[in-house]
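Colleague: What follows is a single structure, and I will ask about it in a moment.
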Amino acid sequence: MADLADDLRRVLFTPGRLGPLDLPNRVAMSPMSRYQSPLGVPAAGVPEYYRRRAAGGVGLVIVEGSAIPHSTSAYSRNIPKAHGAEALAMLRKVVDAVHGEGSRIALQLWHAGLARKPSDAEDPDEASVGPTAHFPGGEQPARALTETDIADIIAAYGEAAANARAAGFDAINIHGAHGYLIDQFLWPVTNTRTDSWNGTLVERARFGVEVIREMRRRVGPDFPLMLRYSQWKIPDYRAALAQTPAELAPLLEAFVDAGIDAFDASTRRFWEPAFAGSDLNLAGWTKKLTGKDTMSVGSVGLDQSLDPRGMRGQDQAAAGQAHMADLVKMLDRGDFDVIAAGRVLLANPEWPRLAAEGRFAELRPFDPRMLATLECSEVELAPAEPGAAPISSL
């Protein structure tokens, strides 16, 4: 265990980089929705929640997906907004709290598209929007975007990007993964349009490309933009945009040409190969195909995977050292540049430091009930009530 701790300290606690963004180390906090921002304004405890993770050794904090200034953007009335004086003032406090610990901070920008929950939105009577009106398992009402809608949403992404830079964030993470709006254009299941916003995979990327171009125009040539993308979707864990690296390459090249500096390649388990015939994961292939810096993510720091149907109220995932040797190997050979952790950081704000000191026995397991509070590391891990409601996986 001492050797593993030494290796983790060596690979994690050295300076990192994502495009033009210099980092104090190679550990990031993955963006995770906490639903603690009533009507889009982060609650008073949100700055301290993020500060604790920065103090615990996270070099890059990525703030949870925040709604762009468009009426159908927000997944819920309780996620942050990247617009409005009150919300931006609280986000500035988050930035100051993280910078005070010497860490860098990015804001994830998000339009939920057809995955939005109208019943939990500020305006429950307004229909959700997407490339078309179909979303597997999605709520109704929903409607297909018009050309005017698309132009408005692209402009809203640009406005949100400018807001994030003005609020002091060091970078922007664009949510183009998991079956949300940008990904809905990419996925043939949700994009059955018959116009120029559909076609080949690269042609379906047009919406994401135009979003990136507008954001780049608004923040300038040197401000770091990273794109989160995935093969899997929340409605379908087996979904894939590309079956081979050759199919993936033109898609990534389109995003690079539009202005992306780095990629956040989201997988459910970081140690799993992305394609047959190679042990590179999705972040590894992304770096190889584009030459851009990449960040990997997926069950980092957990000793067991959660049920493939998602997290249930009684499910816990023990934190420990499983696959940490894989992480060392992958970072050592340069597969990717930064590793992002999620659930393990909810349970253990000091996870990077504890892991690098070999103190795995002190790590608390992740429990879905931690999602209900910002003080999640203090949740009493008593047995859950039988028949607890399902909670979507992160």
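Colleague: Which ones in the stretch 234-268 are among the charged types (D, E, K, R), modelled with pLDDT of 95 or more and in a strand (DSSP E or B)?
Modeller: D264
Colleague: Filter the stretch 11-21 for residues that are surrounded by fewer than 17 Cβ atoms within 10 Å (Cβ to Cβ) and touching a residue at least 40 places away in the same chain (Cβ under 8 Å) and give the result.
Modeller: R17, P20
Colleague: For Y50, state whether it is surrounded by 21 or more Cβ atoms within 10 Å (Cβ to Cβ), at pLDDT below 95 and not in a strand (DSSP E or B).
Modeller: No, not satisfied.
Colleague: List, please: which pairs have Cβ atoms under 6 Å, are six or more places apart or on different chains, and start with a residue in the stretch 240-263 that is under 25 Å from R216 (Cα atoms) and end with one that is outside any loop (DSSP other than H, G, I, E, B) and of a type in the set (S, T, Y)?
Modeller: Every condition considered, the pairs that remain are L252/T290; V256/T290; F263/T286; F263/T294.
Colleague: Out of all the residues in the stretch 325-332, is one or more surrounded by fewer than 22 Cβ atoms within 10 Å (Cβ to Cβ), modelled with pLDDT of 90 or more and among the hydrophobic types (A, V, I, L, M, F, W, C)?
Modeller: Within the stretch 325-332 (the criterion being surrounded by fewer than 22 Cβ atoms within 10 Å (Cβ to Cβ), modelled with pLDDT of 90 or more and among the hydrophobic types (A, V, I, L, M, F, W, C)), the answer is yes, since at least one residue qualifies.
Colleague: Within the group A164, A160, which residue is buried (at least 23 other Cβ atoms within 10 Å of the Cβ), out of contact with any His (no Cβ under 7 Å at 6 or more places or on another chain), closer than 24 Å to L39 by Cα and in contact (Cβ under 8 Å) with a residue 60 or more places away in the chain?
Modeller: Checking each option against the conditions leaves just A164.
Colleague: Further, regarding this structure: Scanning the stretch 79-105 for residues that are within 14 Å of P38 (Cα to Cα) and under 17 Å from the mean Cα position of the chain (by Cα), which turns out surrounded by the fewest Cβ atoms within 10 Å (Cβ to Cβ)?
Modeller: Looking at residues that are within 14 Å of P38 (Cα to Cα) and under 17 Å from the mean Cα position of the chain (by Cα), I get I79.
Colleague: Inside the stretch 28-44, can you point out the residues that are assigned to a loop (DSSP other than H, G, I, E, B) and under 23 Å from R343 (Cβ atoms)?
Modeller: Scanning the stretch 28-44 gives S30, P31, M32, S33, R34, Y35, Q36, S37, P42, A43.
Colleague: Applying the selection to the stretch 214-233, what residues are in contact with a strand residue (DSSP E or B) (Cβ under 8 Å, 6 or more places away or on another chain) and either part of a loop (DSSP other than H, G, I, E, B) or among the small types (G, A, S) (or both)?
Modeller: Of everything in the stretch 214-233, those that are in contact with a strand residue (DSSP E or B) (Cβ under 8 Å, 6 or more places away or on another chain) and either part of a loop (DSSP other than H, G, I, E, B) or among the small types (G, A, S) (or both) turn out to be F223, P224, S230, W232.
Colleague: With respect to S296, determine if the residue is at pLDDT below 85 and outside any loop (DSSP other than H, G, I, E, B).
Modeller: No.
Colleague: Can you tell me which residue within the stretch 53-78, out of those that are surrounded by 21 or more Cβ atoms within 10 Å (Cβ to Cβ) and among the charged types (D, E, K, R), is farthest from I174 (Cα to Cα)?
Modeller: Only one residue tops the list, namely R53.
Colleague: Now a separate question. Identify all residues within the stretch 187-196 that are touching a helix residue (DSSP H, G or I) at 6+ places or on another chain (Cβ under 6 Å) and either without any contact (Cβ under 8 Å) to a residue 40 or more places away in the chain or surrounded by fewer than 24 Cβ atoms within 10 Å (Cβ to Cβ) (or both); write none if there are none.
Modeller: N191 - this is the single residue of the stretch 187-196 that is touching a helix residue (DSSP H, G or I) at 6+ places or on another chain (Cβ under 6 Å) and either without any contact (Cβ under 8 Å) to a residue 40 or more places away in the chain or surrounded by fewer than 24 Cβ atoms within 10 Å (Cβ to Cβ) (or both).
Colleague: Tell me, please, whether a residue that is among the hydroxyl-bearing types (S, T, Y), in contact (Cβ under 8 Å) with a residue 60 or more places away in the chain and within 30 Å of P221 (Cα to Cα) can be found in the stretch 40-51.
Modeller: Looking through the stretch 40-51, none of the residues is among the hydroxyl-bearing types (S, T, Y), in contact (Cβ under 8 Å) with a residue 60 or more places away in the chain and within 30 Å of P221 (Cα to Cα).
Colleague: While we're looking at this one, here's another question. Checking the structure you have, find out if any residue of the stretch 10-27 is closer than 29 Å to K117 by Cα and in a strand (DSSP E or B).
Modeller: no
Colleague: Further question: Residues being touching a residue at least 40 places away in the same chain (Cβ under 8 Å) and closer than 15 Å to V300 by Cβ: count how many of those fall in the stretch 270-283.
Modeller: Number satisfying all stated conditions: 5.
Colleague: Which of the residues belonging to the stretch 197-207 are surrounded by fewer than 23 Cβ atoms within 10 Å (Cβ to Cβ) and either within 24 Å of A87 (Cα to Cα) or of a type in the set (G, A, S) (or both)?
Modeller: G199
Colleague: Next up: Out of the stretch 104-140, which residues are in contact (Cβ under 8 Å) with a residue 24 or more places away in the chain, of a type in the set (S, T, N, Q) and out of contact with any Pro (no Cβ under 7 Å at 6 or more places or on another chain)?
Modeller: Across the stretch 104-140, the qualifying residue is only T132.
The values are calculated or read from the model by the stated rules, or taken from the named source; none is laboratory data. Only a predicted model underlies this, so the values are computations on that prediction, with no experimental measurement involved. Virtual Cβ from ideal backbone geometry, glycine too; neighbours counted across all protein chains shown.
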